[in-house]
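For reference, the structure discussed in these notes is given below.
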Amino acid sequence: MGRKAWFYRQLLSYMPVFFIVISFVFFVFFQMLGEQSRQGAIQANETMIHQAMRSVDNSLKAIDQLLVQELLFNPDMSGFFNHEDQDNVYLNMQAVKAMKQFKVSNPLVDSMVLVRTQDEFVLSTSSSFNLQDYADYDFLKPYLDQVNSEAKWSAMRNFREFSFNSMQHVVTLVRDAPFVTHGKGVIAVNIKVDAIQNMIQGMVNPDVSFIHMKDTQGQSMLPGTSMAESGELVSKAISPYTGWVYEGGLTQGRVVGIVSQLYNIWFIVGLLMCVAGVVWIVVVTRRNYKPIEAIVSRIHNYSQSKTSALIHNSKQDEFAFIESALESMLEQASSFQQQHREDLLLRRAYLFQQLMEGQYPSHMEQWNEQRDVMGLPDLSESQIVNVIEIDKYPLFCEQYPQQDQYLIKFALKSVVQEIAAGQETSAWTEWISASKLGVMTMADDQDAAQHVVTLLEQTRQWVEQHLKLTITVGMGEKTERYTDIPDSYDQARTALKYKMILGENRIIHYTQVSGEERGHAFDFLNLIRSMAQSFRLGNRDWQEKYNALILNIGQNMLDRDGVVNLVDYMMYSLGREMSCMAKEFQDLWLTEGQPALRNALQSSDTLEQLEQEFGEALSALYDSMLALMEGRNHADTIQKVRLFMEQNSSNPDLSLNYLSERFNMNWKTLSKLFREETGQKFVDYLIELRMNHARKLLEETMLPVQDIATEVGYSNAISFGRMFKKLMGMSPGDYREQAAYKQQNYGN
């Protein structure tokens with residue numbers, strides 16, 4: 001029976017040949033029937049091609065139109081392009097939220113990015129980048145250099161946002177943003193070619209017909225068999241919207257045509273092949289089964305002694321083939337496991353972000369389904385959310401290359417987990433931005449908050465000692481339910497904003513800043529305006545006012561957003577004052593002063609650093625301005641004239657003739673020099689002085705409008721009111737009411 005078993009095995013191995021021959025005969029028979037419907041199939045294929053083209057075009061047009069609507073009517077997306085502050089977390093989060101909502105509304109969209117032209121800042125749904133560091137820099141840069149570039153879909157291209165992502169085939173739509181005022185940036189929407197492929201393939205029965213798509217560069221967008229292997233090409237269409245070429249036909253149409261024409265010949269040949277196949281199977285099996293049985297018997301009896309000989313045989317044997325197949329399977333399994341681990345890390349990071357934003361889970365059962373598979377924490381326990389920020393992050397990026405930055409960030413993330421494991425505490429860590437690491441720790445006892453503080457303090461000390469950098473930690477409050485986790489996350493981020501006031505390289509708990517009495521930016525505006533005016537006039541008391549401003553900011557516990565807003569207003573006030581001076585001073589401000597102050601703000605993490613760097617930039621600008629004043633003719637005289645005007649602006653007789661007699665100068669010459677030095681006409685400057693004095697009196701006193709008009713140099717209250725409304729856009733009475741309202745709402 002053992003010998004016969006090999007005979008039957010060999011016999012059955014040839015049975016597929018027999019079935020192939022029979023199938024061939026039936027194929028010829030049924031092809032006759034198929035030929036009758038071939039013409040109808042060709043017409044149906046052409047209709048299918050145009051339907052597929054319209055379906056793809058309509059989907060892409062819908063995405064394009066919705067993108068235009070977002071740019072026109074969504075303030076969160078347009079606001080991103082109207083600001084230059086990369087650290088504006090709220091603005092960036094709103095823009096990311098708008099992009100995510102756009103993706104949800106358009107399932108075809110795989111990813112999208114916002115690129116701001118002013119500072120070449122890139123914001124995607126997963127992170128933010130400088131344009132030169134962004135993976136898609138080579139594709140996006142030409143669009144920023146074009147003016148009013150036409151929005152159209154690109155050809156198929158390779159794209160991946162991060163180095164650990166797999167390469168994807170995508171097509172991209174790039175539009176100028178905002179839509180009406182060009183030049184502020186662009187928005188790019190990426191669609192996976194796989195998504196278009198799935199849309200098209202759902203319309204096609206591969207057993208009957210096929211579709212090929214080519215982009216404008218001739219690249220095939222539907223990977224698979226070649227056109228020659230697919231069948232006969234019977235229809236073709238070119239999209240007027242994208243310019244893509246759609247080609248389709250019937251599977252194996254050419255072969256069927258030949259078989260249909262030679263049906264009679266193939267029928268006879270098929271019968272002969274059936275008879276010959278049966279005879280061949282029997283003869284070959286009887287002739288070959290005995291040698292095969294002998295070879296297998298020798299392998300079985302002498303496997304150990306002949307293994308080496310089999311491996312080194314000049315002919316390939318079955319063992320070598322099996323060994324090669326096993327090695328290939330092991331390599332593929334290892335590759336799949338690595339890909340699974342990478343996907344798991346990305347899914348965990350995504351779930352962490354959703355949990356912090358309160359978007360997931362909707363109920364505990366949904367979380368528990370993923371918990372064991374992905375190693376997630378138990379949300380039925382109380383949690384504390386913390387945010388760790390790398391101090392002086394711009395300097396950190398300058399000091400270390402990109403690869404070293406990844407290693408240091410990995411070390412920081414790992415040390416938090418290791419210290420937590422040493423304290424038998426569960427800690428979930430994920431990077432939530434380029435410089436911030438989110439840490440969620442379990443708080444399952446009454447002393448949990450103190451344990452978390454100990455964990456964070458040990459982390460801070462280890463980083464300072466071993467990584468040669470410092471971190472600041474914002475710590476939220478303990479949650480009672482998993483739905484309170486977003487609140488704890490917001491508290492941690494809020495606490496971190498007070499790093500500018502409280503200092504870096506420390507732990508800031510939300511309770512330290514939540515109950516403090518703080519001032520408002522409105523309280524400092526008058527001091528800023530006074531400092532800017534002294535700076536413009538060359539009075540050295542601007543330094544005292546600057547120091548007083550910094551002191552008041554620290555005492556009033558403003559967060560980083562409040563400090564940044566004050567500094568922005570200070571630069572606005574200085575720029576406004578400098579714009580009233582001669583062109584040389586305006587150029588000095590634009591080329592040296594404003595850029596230096598902006599760099600000082602961006603490089604300062606604490607109020608102490610801001611005071612030093614911003615003060616040094618102001619001093620350098622002040623010295624340059626004084627040097628420029630000393631080098632100009634009549635600069636000292638005009639400076640004295642301006643000082644006299646500011647001190648005597650309430651004098652109704654103040655005029656060019658009055659000043660020319662006082663300073664022994666022809667009034668025409670005085671008028672010309674005044675305009676050259678200040679950039680303003682004498683009359684405009686005098687009106688501005690008087691209106692500023694009037695505004696101060698309206699804000700700080702309850703004097704009647706008639707008395708205020710007399711106080712600022714107007715003998716007629718009607719003329720004063722008309723001029724005030726022309727410049728301020730409202731009457732003196734309305735202005736006083738508005739100022740009183742602000743005082744009531746923002747404090748004195």
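Brief remarks follow.
- Cα-based Lys proximity count in segment 377-502, under 15 Å, for pairs eight or more positions apart or on separate chains: 10
- Only lysine pairs 8 or more places apart or on separate chains count here, and in segment 521-746 those with Cα atoms under 21 Å apart total 16.
- In order along segment 203-217, the Karplus-derived 3J(HN,Hα) couplings, from 6.51 cos²θ - 1.76 cosθ + 1.60 at θ = phi - 60°, round to 8, 10, 9, x, 6, 10, 9, 8, 9, 10, 10, 10, 7, 5, 9 Hz, and Gly and Pro are given as x.
- In Å, descending, principal axis extents of the Cα set of segment 377-502: 42, 30, 23
- N547-D404 FRET efficiency (beta carbon distance; Förster radius 41 Å; 0.05 resolution): 0.55
- Partners of K141 within straight-line reach, counting lysines whose Cα lies under 17 Å from its Cα and excluding those fewer than 8 residues away in the same chain: K152, K184.
- Formal net charge of residues neighbouring N539 (Cβ-Cβ distance under 15 Å; K, R +1; D, E -1): 0
- For D138, net neighbour charge (Lys/Arg +1, Asp/Glu -1) across residues whose Cβ lies under 15 Å away: -2
- With only Cα atoms counted, segment 74-196 has Rg and Dmax values of 13.5, 37 Å.
Bear in mind that the values in this text are calculations on the coordinates, not laboratory data. Quantities reported herein were computed from a predicted structural model and do not represent experimental measurements. All Cβ positions, glycine included, derive from the backbone under ideal geometry; neighbour counts span all protein chains shown.
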